[in-house]
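What follows draws every value from the coordinates through simple rules; no lab data is involved. Here the structure is a predicted model, which means the values were calculated and not measured. Note: ideal-geometry Cβ built from the backbone for every residue, glycine included; neighbour counts use all protein chains shown.
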Amino acid sequence: MSTFRDHKISLKQILEFIPEALLCHLSATTKVDYYSKVLHGRKMFYLLLFSIFDNEKLSQRTLEDTFNSSGFKALFGLGEEEKVRRSSISERLSNIDANYFKEIYEQMYGQFSNLYDKSEIEKYNLIRVDSTIVADACVKLKEGIDQKRGKKLVKFSFSFDGILPSGVEVFTAQKYSSEESALPEAILKQVKKDQHHGNIYVIDRGL
């Protein structure tokens with residue numbers, strides 16, 4: 001990872017790597033824009049990406065300010081008359097199909113992986129798999145692992161190949177409170193995507 005420690009990439013470079021045609025294609029196949037009149041999936045993706053680069057902390061207020069700014073509209077070809085309110089962004093975030101963003105990531109990860117030849121990719125066949133948990137008030141989460149203390153948990157299991165997360169799974173069902181259920185499922189899904197099954201998976205010793 002020392003190779004990438006001081007590496008910086010600009011928003012322009014990322015956008016060049018993500019063809020707009022792909023975003024439009026995924027919008028159609030995932031039907032992410034089915035009920036949306038203004039905040040289409042492509043606009044939401046650009047808004048989130050731009051805001052990550054432009055702000056130290058993300059909030060619905062910063063997303064609203066970013067979308068309504070002249071700089072954002074000029075960069076992504078939006079009309080000056082286009083305006084959104086924070087309430088509209090909040091509603092869209094709560095209903096948008098997350099698979100749209102997952103598909104974008106997997107497509108980009110696949111393109112990135114193809115840039116390595118066989119000898120180079122072998123350096124990254126050691127996959128580290130672990131989970132992290134996010135807790136919030138029950139009233140804020142529609143789904144989650146119920147802790148019966150006024151909070152629900154959402155478990156994220158990551159597979160990391162040394163450069164990028166090669167797989168991410170989100171678990172909200174009660175049975176996934178145990179890593180004995182969550183991690184094996186995350187690993188098996190990753191194995192199915194590995195055509196040659198050449199990876200070594202490193203997991204919690206307790207499993």
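Around the amide H of Leu153, modelled in the peptide plane, lie the amide H atoms of Ile145, Asp146, Gln147, all under 5 Å away and 5 or more residues distant in sequence or on another chain. Over all projection directions, the Cα-based convex hull of the chain averages an area of 14.0 nm². When the helices of the chain are scored as -39500 (n - 2.57) per DSSP H run of n ≥ 4 and the total is divided over every residue, the value at 222 nm lands at -13000 deg cm²/dmol. The residues His196, His25, His40, when put in order of fewest to most other Cβ atoms within 10 Å, stand as His196, His25, His40. Cβ crowding within 10 Å ranks Arg205, Arg85, Arg92 as Arg205, Arg85, Arg92, fewest other Cβ atoms first. FRET efficiency for the pair Lys118 and Ser177, taken as 1/(1 + (r/R0)^6) with r the Cβ-Cβ distance and R0 = 25 Å, rounds to 0.05. Each of Arg42, Arg61 has some number of other Cβ atoms within 10 Å of its Cβ, and from fewest to most they run Arg61, Arg42. Karplus-based coupling profile of segment 42-59, in residue order and whole Hz: 4, 5, 5, 4, 4, 4, 5, 5, 4, 5, 4, 6, 9, 10, 6, 10, 9, 8, with θ = phi - 60° in 6.51 cos²θ - 1.76 cosθ + 1.60 and x standing for Gly or Pro. Couplings 3J(HN,Hα) for segment 18-31, derived from phi with the Karplus relation 6.51 cos²θ - 1.76 cosθ + 1.60 (θ = phi - 60°), are 10, x, 5, 4, 5, 4, 5, 5, 5, 4, 6, 6, 8, 6 Hz, where x marks Gly and Pro. In the calculated pair-distance distribution of segment 1-94, the portion above 21 angstrom amounts to 38 percent of the Cα-Cα pairs.
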